[in-house]
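Take a look at the structure below.
The values are calculated or read from the model by the stated rules, or taken from the named source; none is laboratory data. Computed from a predicted structure; not experimentally measured. Backbone-built Cβ (ideal geometry, glycine too); neighbour counts: all protein chains shown. All accessible areas refer to the heavy atoms of the entire protein, side chains included, with ligands and DNA or RNA removed. Shrake-Rupley method; radii C 1.70, N 1.55, O 1.52, S 1.80 Å.
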Amino acid sequence: ELLRGTAPQDAGYELLREVFAGYPIANLAALLTSDRLDAVRVGAWLASELGASSSVLASSLSPHLQSNDPAIRVHAIESVMANASAYDDESLGAALCLIADDDVRVIKHAIRLLGVLSYEDLVRGGQTAIGCGADPTWLIDLGDNPATRKSEIAAGLSSQNELRRRHAAAALLRVVPLDLELMADAASSLDEAIRLFAELEIRVRHARQR
């Protein structure tokens, strides 16, 4: 009802305030199952804003990983990042497949997702992702912390294969400690999604050091 006669953005902020005041998060599933695109957009945005608190929305949000709306796909990826354990193998795989998306914003978020997922969740979703043309086997084979495989990652960043480049960018976040020199190389990539991803990661780390 709140969406009637109210701008979606305003409705979203109002619902967020209601949630912080005690409105049940599970009730937001009604937005995600609506046949109105504006309602789904608001629901997906709320799920991403609520982070780990929105795990109860996972089953309602997972179909929207394949939405025709790039913004909804981005918000769905953000929810998976925060609640990976709440998503089944097929949904995780669908999220991993978005590294082969045709929207730069979506790809950028998908790269980060593959970089921050636990190794167990990466393997779990990887089986499904193999079937969508975004096979993450190379990334999985690097192991949980590929700190000893930096030469392979560097070669991957300059690969002629688009998918290998993006998986190599994701691998940068899996290296502990982070190799800022390799991240700087990624920030000069001709692949726009990789460049945007790396630039953001560098800015975040510089901000943390202030």
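Could you check, for the range 40-51, whether at least one of its residues is open to solvent by 60 Å² or more (accessible area, probe 1.4 Å) and of a type outside the set (D, E, K, R)?
no
For the range 47-93, which residues satisfy the criterion of being over 11 Å from the mean Cα position of the chain (by Cα) and over 28 Å from Glu18 (Cα atoms)?
Gln66, Asn68, Asp88, Asp89, Glu90, Ser91, Gly93
Where in the range 70-168 are the helices (runs of 4 or more DSSP H), entirely inside, with at least 1 residues that are among the hydroxyl-bearing types (Ser, Thr, Tyr) and at pLDDT below 95?
Once the helices (runs of 4 or more DSSP H) in the range 70-168 are filtered for at least 1 residues that are among the hydroxyl-bearing types (Ser, Thr, Tyr) and at pLDDT below 95, what remains is 119-129.
Of the numbered conditions (1) touching a Lys or Arg at 6+ places or on another chain (Cβ under 8 Å); (2) open to solvent by 70 Å² or more (accessible area, probe 1.4 Å); (3) in contact (Cβ under 8 Å) with a residue 24 or more places away in the chain; (4) not aromatic (Phe, Trp, Tyr), Ser188 fails exactly one; give the number of that condition.
(3)
Give me the residue from the range 69-114 that is polar (S, T, N, Q) and either out of contact with any helix residue (DSSP H, G or I) (no Cβ under 9 Å at 6 or more places or on another chain) or open to solvent by less than 50 Å² (accessible area, probe 1.4 Å) (or both) and, out of that set, nearest to Ser48 (Cα to Cα).
Per the criteria, the residue is Ser79.
Looking at the range 132-146, is at least one residue touching a residue at least 40 places away in the same chain (Cβ under 8 Å), open to solvent by less than 50 Å² (accessible area, probe 1.4 Å) and at negative phi?
Scanning the range 132-146, I find at least one residue that is touching a residue at least 40 places away in the same chain (Cβ under 8 Å), open to solvent by less than 50 Å² (accessible area, probe 1.4 Å) and at negative phi, so the answer is yes.
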